[in-house]
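Undergrad: Structure in structure tokens, see below.
Nothing in this text is a laboratory measurement; each read-out follows from the coordinates by a stated rule. This structure is a prediction, so every number in the text was calculated from the model and none was measured. Here the Cβ is made from the backbone with ideal geometry for all residues, glycine too, and neighbour counts use every protein chain on show.
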Amino acid sequence: MKDLIELYLVFLRIGAVNFGGGYAMLPLLEEDLNKKRGWVTTEELMDYFAIGQCTPGIIALNVSTFIGNKRHGKSGAVAATLGFLTCPVILILVIAAFLTNFADIPLVQNAFAGIRVCVCVLILEAVIRLWKKAIVDKTAFVIYAVIFLLMVASPFLPFRVPAAVLVIAAGVAGILLRGHKEAAP
């Protein structure tokens, strides 16, 4: 029970400061759960983000659930998920109740503008960390380049390529290209 309470409290704190979504949360998770606590490896964290991206729901919430499950099974998944959700749900309820009264105040607008800039920086830091861990050789770069081009070209194609399709395609490419690489003498 003590471990579940710790799991809840850790994700309560993470959920309380998770502005900007899942990718903005990556540096915080890596620092706290990987370096400080040793609960996950960087590679596991990257895998959780990849899976969280292509499963329904919020990436940050999915990652919290995966980590909780890794630590303590289903009860850990529930504890981490509830911990992560507590502060955002309370904050959203408060904002929903009062935002219309304050949204036009210049001070509030300026605060949101500043928060948006900070979120961009946090996401950029997450992208740089992901890049360093994911693009480890020429094969990984080729997969990256093809998926990036598909994503960029998607608006100009007769159909939009969903992110989940790109993730699955990258996974299949990884299996085929890396499997071929490993099978070579």
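Undergrad: If we count other beta carbons within 10 Å of each Cβ, what is the order of LYS74, LYS2, fewest first? Intermediate results must be reported in sequence, preceding the final value.
TA: Details: LYS74 10, LYS2 6.
Placing the least packed residue first, the sequence is LYS2, LYS74.
Undergrad: Using DSSP to call loops (not H, G, I, E or B), can you name the chymotrypsin sites (Phe, Trp or Tyr not before Pro) in region 133-181 whose Cβ has at most 16 other Cβ atoms within 10 angstrom?
TA: Details: sites: PHE141, TYR144, PHE148, PHE156, PHE159; in loops: PHE159.
When the chymotrypsin sites (Phe, Trp or Tyr not before Pro) of region 133-181 are filtered for loop state and at most 16 Cβ neighbours within 10 Å, PHE159 remain.
Undergrad: Given an 8 Å cut-off on Cα distances and at least 6 residues of separation, report the relative contact order of region 101-182 as a percent. Mind showing how you got there, number by number?
TA: Numbers: 21 pairs, mean separation 18.4, N = 82.
Over region 101-182, the number comes to 22 percent.
Undergrad: Mind listing the phi-derived Karplus ³J(HN,Hα) values for region 93-98, rounded to whole Hz, using 6.51, -1.76 and 1.60 with θ = phi - 60°, and x for any glycine or proline?
TA: So the Karplus estimates, Gly and Pro as x, are 4, 5, 4, 4, 6, 10 Hz.
Undergrad: Please order ASP32, ASP104 by the number of other Cβ within 10 Å, starting at the fewest.
TA: Numbers: ASP32 15, ASP104 8.
Fewest-to-most Cβ neighbours within 10 Å comes out as ASP104, ASP32.
Undergrad: What trypsin sites (Lys or Arg not before Pro) does region 113-172 have in DSSP loop regions with at most 14 other beta carbons within 10 Å?
TA: On the way: sites: ARG116, ARG129, LYS132, LYS133, LYS138, ARG160; in loops: ARG160.
Counting only loop positions with at most 14 other Cβ atoms within 10 Å, the trypsin sites (Lys or Arg not before Pro) in region 113-172 are ARG160.
Undergrad: Same structure again: How large is ³J(HN,Hα) for each residue in region 53-64, as worked out from phi by the Karplus curve 6.51 cos²θ - 1.76 cosθ + 1.60 (θ = phi - 60°), to whole Hz, x for Gly and Pro?
TA: Result, ordered by residue: 5, 9, 9, x, x, 7, 3, 4, 5, 4, 4, 4 Hz.
Undergrad: Rg/Rh for region 27-185 to two decimals, with Rh computed the Kirkwood way over all alpha-carbon pairs.
TA: Values: Rg = 19.4 Å, Rh = 18.6 Å.
With Rh from the inverse mean 1/r over Cα pairs, Rg/Rh is 1.04.
Undergrad: Excluding residues on the same chain fewer than 8 positions from LYS2, give the lysines whose Cα lies under 26 Å from its Cα.
TA: Answer for LYS2, where 26 Å is the Cα cut-off: LYS35, LYS36, LYS70, LYS74, listed by chain and number.
Undergrad: How big is region 1-118 in terms of Cα radius of gyration and Dmax, in angstroms?
TA: My reading of the Cα-based Rg and Dmax gives 15.5, 47 Å.
Undergrad: Give me CYS54, CYS118 sorted ascending by neighbouring Cβ count inside 10 Å, so fewest comes first. Mind dumping the intermediate values first?
TA: On the way: CYS54 17, CYS118 12.
If I rank by nearby Cβ atoms, fewest first, I get CYS118, CYS54.
Undergrad: Taking N as the number of residues in region 79-132, what is its Cα Rg relative to 2.2 N^0.38 Å? Before the final figure, lay out the partial values.
TA: Working: Rg = 15.1 Å, N = 54, 2.2 N^0.38 = 10.0 Å.
Relative to the 2.2 N^0.38 Å estimate, region 79-132 comes out at 1.51.
Undergrad: Using the Kirkwood formula on the Cα atoms of region 135-185, what hydrodynamic radius do you get, in angstrom to one decimal?
TA: Numbers: mean 1/r = 0.0850 Å⁻¹.
In region 135-185 this quantity evaluates to 11.8 Å.
Undergrad: For the chain, what is the calculated [θ] at 222 nm in deg cm²/dmol (nearest 500), taking -39500 (n - 2.57) for each run of four or more DSSP H residues and dividing by its residue count? Write out the running numbers ahead of the final one.
TA: On the way: 7 runs with 146 residues, N = 185.
When only DSSP H runs of four or more count, the value is -27500 deg cm²/dmol.
Undergrad: While we're on this one: Normalised by the residues of the chain, what does the relative contact order come to in percent, with Cα pairs under 8 Å and at least six apart?
TA: On the way: 166 pairs, mean separation 46.4, N = 185.
With pairs under 8 Å counted, the relative contact order is 25 percent.
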